[in-house]
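J.: One structure coming up, written as structure tokens, with questions to follow.
The values are calculated or read from the model by the stated rules, or taken from the named source; none is laboratory data. All values derive from a computational prediction rather than experimental measurement. Please note: Cβ atoms are built from the backbone with ideal geometry, for glycine as well, and neighbour counts cover all protein chains shown.
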Amino acid sequence: MKYGYTAYTFRVHQHGHPDEPLRLGGFGTGQDALPLLYGAFQGLMRQSVTEGYRHLRCTHVHPIGRSVRFEVEIGHSGRSSRIFEPDDDNKPVFERAERHIDSKARRGLLVVPSASTAGLLLLEVQGRSGAKALLAPTLKRMFRAATDHILDLASVADQGALERYLAEANIRNILLRRTGWPSDVADAAEFDPEDVEEGKIEMRLTPGKIKLYQQRLVERLRGDSDVRGRLLQLYNIDFDELSVSMDGPERRTTLTVTGDNIPTFVYDLSGRGRPSDEVFYTELAAGVGEIARAVGVHVGEGWQAGEWTPTMLDTLLTVPQEVPADEAADSAKR
């Protein structure tokens with residue numbers, strides 16, 4: 001699968017005041033979000049997180065200036081299977097039990113400008129698989145327990161960014177995806193019932209009047225979830241996701257649209273296979289300025305410079321077991 005990364009903004013605010021973000025380098029009683037977030041990953045190296053069949057742990061964390069590089073493993077358990085040697089399928093080489101964890105490594109970069117009220121979180125994805133689903137709520141829970149403040153993370157895809165990308169980019173193709181076959185299609189094809197939910201549909205579109213489509217796409221993406229939902233309907237089939245592949249002025253990008261969430265960008269990485277750490281973080285560093293300008297994050301030119309004190313490096317946050325009731329209520333309002 002293709003590798004890339006997706007971007008999120010994060011902000012810090014007091015409970016009950018989501019519209020009043022605080023300066024990341026000096027909130028509360030002079031606290032700095034940079035060593036605190038570093039300390040959260042330090043804590044995840046010592047204590048893994050399990051929620052149901054999902055698992056998360058940190059395998060590496062490294063601070064650089066006003067940023068933190070990290071690698072986490074995301075895993076799933078709850079499945080049993082037998083794994084065979086392809087040259088001899090009569091010899092299983094491993095039998096996976098439900099307690100075994102199937103894990104994948106995902107790298108990331110936090111950029112935490114001192115004077116800004118917003119920072120950037122860039123996360124590696126393979127295809128559409130990333131680490132945000134469990135990592136984001138875990139970081140929020142750890143941050144709240146340590147600071148009594150709320151850490152908010154949001155996907156990067158504001159109207160300005162959409163307009164700029166679609167105005168400058170050349171759309172290569174549009175892909176509609178759906179997991180699970182519609183009942184009428186499954187009946188006509190005589191699929192077995194157990195195969196219906198596992199089946200996948202992909203439909204690739206190449207509009208003729210591409211520039212006109214780009215203009216209309218911006219207008220439709222501005223709407224509510226019902227409008228975005230109609231983008232996902234074609235030939236009476238409700239698709240789960242629409243991906244628009246674009247060649248931008250600086251890099252290749254994939255815009256992903258679902259009916260429930262705001263659009264998100266995946267910034268594609270060149271080459272085949274998983275890039276090395278050097279290539280991956282070089283690509284991320286090159287994209288920080290462009291993404292930050294599009295979403296109003298003031299990173300400054302020296303975000304990769306600056307010394308870390310022993311006190312900062314010793315920061316360690318623990319993983320709380322319970323989500324405070326007022327935080328859950330606060331999140332429900334947003």
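J.: For the stretch 113-151, give me each residue that is touching a helix residue (DSSP H, G or I) at 6+ places or on another chain (Cβ under 6 Å) and of a type outside the set (A, V, I, L, M, F, W, C).
T.: Within the stretch 113-151, just Arg144 meets the criteria.
J.: Could we say that Ile83 is surrounded by fewer than 18 Cβ atoms within 10 Å (Cβ to Cβ), among the β-branched types (Val, Ile, Thr) and in contact with a strand residue (DSSP E or B) (Cβ under 9 Å, 6 or more places away or on another chain) here?
T.: Criteria met by Ile83.
J.: Next up: Scan the stretch 125-133 and tell me whether some residue there is of a type in the set (A, V, I, L, M, F, W, C) and modelled with pLDDT of 85 or more.
T.: yes
J.: Could you please tell me which pairs satisfy a Cβ distance under 9 Å, a separation of 6+ or placement on different chains, a first residue in the stretch 3-32 that is not assigned by TED's automatic domain parsing to the domain that holds Met312 and charged (D, E, K, R), and a second residue that is surrounded by fewer than 19 Cβ atoms within 10 Å (Cβ to Cβ) and modelled with pLDDT of 85 or more?
T.: If the second residue must be surrounded by fewer than 19 Cβ atoms within 10 Å (Cβ to Cβ) and modelled with pLDDT of 85 or more, no pairs are left.
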